[in-house]
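Notes follow the structure.
The values are calculated or read from the model by the stated rules, or taken from the named source; none is laboratory data. Keep in mind it's a predicted model, so treat the numbers as computed, not measured. Note that each Cβ is placed from the backbone with ideal geometry, even for glycine, and that neighbours are counted across all protein chains shown.
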Amino acid sequence: MTDVQHPQCNHQLATALACLAFLSAAATVAAAAPETPAPASAQRQQEVREKGAAVMPFSLDRTLHTFAKTDTGGVQRVRASNAATDQVAMIRSHLHSIAQSFSARDFGAPAHIHGADMPGMAEMKAAKPDELTVGYRELDDGAELDYVSHSPDMIAAIHRWFDAQLADHGQDAVAQ
């Protein structure tokens, strides 16, 4: 018995393999992209914006919040937009104070803005000193907080907290 190859079968096989390769590549890219949660309602975002103005000394219109999830937690950055140098000192002062508060497990400021039931916050508030560290670092145009843990549960809590921040802040914050 002889194997007879049909050009049409070879073309179909090649097309199927190309489709499979494309889908595999697309899945890989999608998995690597930062996940952006669905935004909160416009009313909720406005409430958060108003409450935030009472806690954050800088202008949301002249700054940008970014949240980058990492394998050990995440990095929150606040940067002045368009060389708004008057905002930099306020960003640094606020984030430095927040880093100290969070290290003492005081999450009163975000609880005031987002509510006491904000996802991930209860776990972060209850974390033991060696379970969560919050570091502060100045940037040329602002500052950042680095949330670090080696506990998978705590890392998941940080990620949920970042997602809640992104949803509540809407256009004032982006995932990285």
Original post:
Listed residues A84, A164, A173; which is in contact with a strand residue (DSSP E or B) (Cβ under 8 Å, 6 or more places away or on another chain), under 18 Å from A38 (Cα atoms) and not acidic (D, E)?
Top reply: A173
Subject >> In region 71-116, the residues that are under 18 Å from the mean Cα position of the chain (by Cα), in a loop (DSSP other than H, G, I, E, B) and of a type in the set (D, E, K, R) >> reply: D71
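Rundown of residues vs (1) at pLDDT below 95; (2) under 13 Å from L132 (Cα atoms); (3) surrounded by fewer than 16 Cβ atoms within 10 Å (Cβ to Cβ), yes/no style:
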| position | (1), (2), (3) |
| --- | --- |
| T63 | yes, no, no |
| Q76 | no, no, no |
| S81 | yes, no, yes |
| F107 | yes, no, no |
